[in-house]
There are 2 protein chains.
Amino acid sequence: MGATTFSEQHQITFYETDVTNTVTPAMLINMIILASEDQTTSLGVGSDVVIKLGIGWVVTQYKMAITRLPKVDETITISTRATCYNRYFAFREFWVHDAAGAECVHVESIWVTMNHQTRKIVSIPDDIIAPFQSEQVKMIPRLGRPKRLTPEEQLLTKQYRVRYFDIDGNGHVNNSRYFDWLLDALPMSFLTRHDLTEINIRFENEVQYHHVVTSEATLMTDVSEPIVTKHRILMENGDVATEAEFHWQPIIKH
Amino acid sequence: MGATTFSEQHQITFYETDVTNTVTPAMLINMIILASEDQTTSLGVGSDVVIKLGIGWVVTQYKMAITRLPKVDETITISTRATCYNRYFAFREFWVHDAAGAECVHVESIWVTMNHQTRKIVSIPDDIIAPFQSEQVKMIPRLGRPKRLTPEEQLLTKQYRVRYFDIDGNGHVNNSRYFDWLLDALPMSFLTRHDLTEINIRFENEVQYHHVVTSEATLMTDVSEPIVTKHRILMENGDVATEAEFHWQPIIKH
């Protein structure tokens, strides 16, 4: 018997889309996280239960295969399943389908449980994973590291100060903000002329309120298709907060 | 016969709330704007129709009376009515009620129609206002100007660069972003310990992609209740983009 799949619908609002009326990656992440929270709550192991154990679920990596990003006013169905897990890692998948039933996005993600006080990873308690009927495995699927920026590449850089409204109800920077910082480093002329086809993002270190982070990106225009941009977010001490790789295709105007 | 009232429901998600799990003013503005857009569309005078006239609706001022800001997971009802108008100005009201029917927020707003090319205000065409059955009046209600910052006051200031994801489908900075810039100028220790009771915000000049704006705020702690913060957003040339005044009350912990 496989893991339980949970689904919910959402109609995309104007404030979840960008200048091209397309859902932003940040808002899409928020929507899938909401689906996973709604699943955990429906199974009786929501954040109120998990927090009593002194721990919380944290995402360490997302890999997204994008057929197309939905547009404003579309009603999408978000489905999720805690596919498999081992002692320290859980592998969760998400699917976004449009009203016609076509797959728009498939997301693979790696989750850990972290102690709230020590911020250290702890083994996943049986009580909070059992209700998902996930398969217990030796090794969860590897998503591969995002391609690294190299020192000799020409970098686009922008700085961001963590704002009050970047902090969510867990007291941490909402995961979706990293997507805004990563992508905003690219020129608008590029962003409005290319569609995302793949995202690989790995979270290494947490940033805090009032930290200033540097978003670095490199646009490899000298290579053939697919177009790849490599990114990282650095903290003030030079540590890497996030590494990411985005794949793009030019928008063909009809 | 009064103006037609339009209502819709919305369940507040975690990504529409702040560190205290309370809906952010920015997201509340997005939700009420969505209700007004859904009303205009339902009456056959949506943005697709208005844009054909070479114009668009623009908000110049909001005044909000806040009984309480709703929390995450609450289902709210947003109602709106284009109460009255004259040649150049339309006065629109919004109400936010909670599931028990109690009023949470009442918003008064002033709208104009602006020519897309010249960015100048034009008289409101009959065709696009008639369906609302608004009362035609000589003078619409005045909302009063936000209190002005004075040069001798000690200022809190922060700078913001307009980002790609601040631009909405109309090609302009989404109105809600100004609320984030205005409020983020205040310390987190103040924001988490006070509830908003009143907002008065007036939009003077549009900011554009890549502009750097300065958010200035002054916290008048020397006066008795209510606590008032005065704000403005300045453009690089020193022109005022936005003026605002917020009223607050200390949160009493039970």
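Tell me whether segment A:142-153 contains one or more residues that are more than 14 Å from chain B (Cβ to nearest Cβ), of a type in the set (S, T, N, Q) and farther than 30 Å from A:Cys84 by Cβ. Yes, segment A:142-153 contains a residue that is more than 14 Å from chain B (Cβ to nearest Cβ), of a type in the set (S, T, N, Q) and farther than 30 Å from A:Cys84 by Cβ.
One residue stands out among those in segment B:179-228 that are hydroxyl-bearing (Ser, Thr, Tyr), farther than 21 Å from B:Glu153 by Cα and in contact with a strand residue (DSSP E or B) (Cβ under 9 Å, 6 or more places away or on another chain): the one that is surrounded by the most Cβ atoms within 10 Å (Cβ to Cβ), which is B:Thr197.
Among the residues of segment B:136-161, those that are charged (D, E, K, R) and within 22 Å of the chain's Cα centre (by Cα) comprise B:Arg142, B:Arg145, B:Lys147, B:Arg148, B:Lys158, B:Arg161. Scanning segment A:155-193 for residues that are more than 9 Å from chain B (Cβ to nearest Cβ) and either among the small types (Gly, Ala, Ser) or at positive phi (or both) yields A:Ala185, A:Ser189.
Condition check: among the polar types (S, T, N, Q), within 19 Å of B:Phe203 (Cα to Cα) and not assigned by TED's automatic domain parsing to the domain that holds B:Leu196. Does B:Thr113 satisfy that? So B:Thr113 fits the description; yes. Please work out which residue is farthest from B:Trp95 (Cα to Cα), limiting yourself to segment B:1-25 and to residues that are of a type in the set (A, V, I, L, M, F, W, C) and within 7 Å of chain A (Cβ to nearest Cβ). Looking at residues that are of a type in the set (A, V, I, L, M, F, W, C) and within 7 Å of chain A (Cβ to nearest Cβ), I get B:Val19. Every test in (1) farther than 21 Å from A:Phe246 by Cβ; (2) out of contact with any Phe, Trp or Tyr (no Cβ under 7 Å at 6 or more places or on another chain) is passed by A:Thr83 save one, and that test is (2). Selection of segment A:66-113 for residues being open to solvent by 30 Å² or more (accessible area, probe 1.4 Å), of a type in the set (A, V, I, L, M, F, W, C) and over 20 Å from A:Leu196 (Cβ atoms) yields A:Phe89, A:Ala99, A:Ala100.
Just name the residue that is farthest from B:Ile12 (Cα to Cα) out of those in segment A:142-178 that are open to solvent by 50 Å² or more (accessible area, probe 1.4 Å) and in contact with a strand residue (DSSP E or B) (Cβ under 6 Å, 6 or more places away or on another chain). Among them, the one singled out is A:Leu155. Residues considered: A:Leu186, A:Leu156, A:Leu149, A:Leu219. Of these, the only one that is within 16 Å of A:Pro25 (Cβ to Cβ) and in contact (Cβ under 8 Å) with a residue 12 or more places away in the chain is A:Leu186.
The values are calculated or read from the model by the stated rules, or taken from the named source; none is laboratory data. Just so we're clear, the structure is a prediction, and the values are computed from it rather than from any experiment. No Cβ is skipped: glycine too gets one built from the backbone with ideal geometry, and neighbour counts run over all protein chains shown. For accessibility, only protein heavy atoms count, side chains too; no ligands or nucleic acids. Shrake-Rupley method; radii C 1.70, N 1.55, O 1.52, S 1.80 Å.
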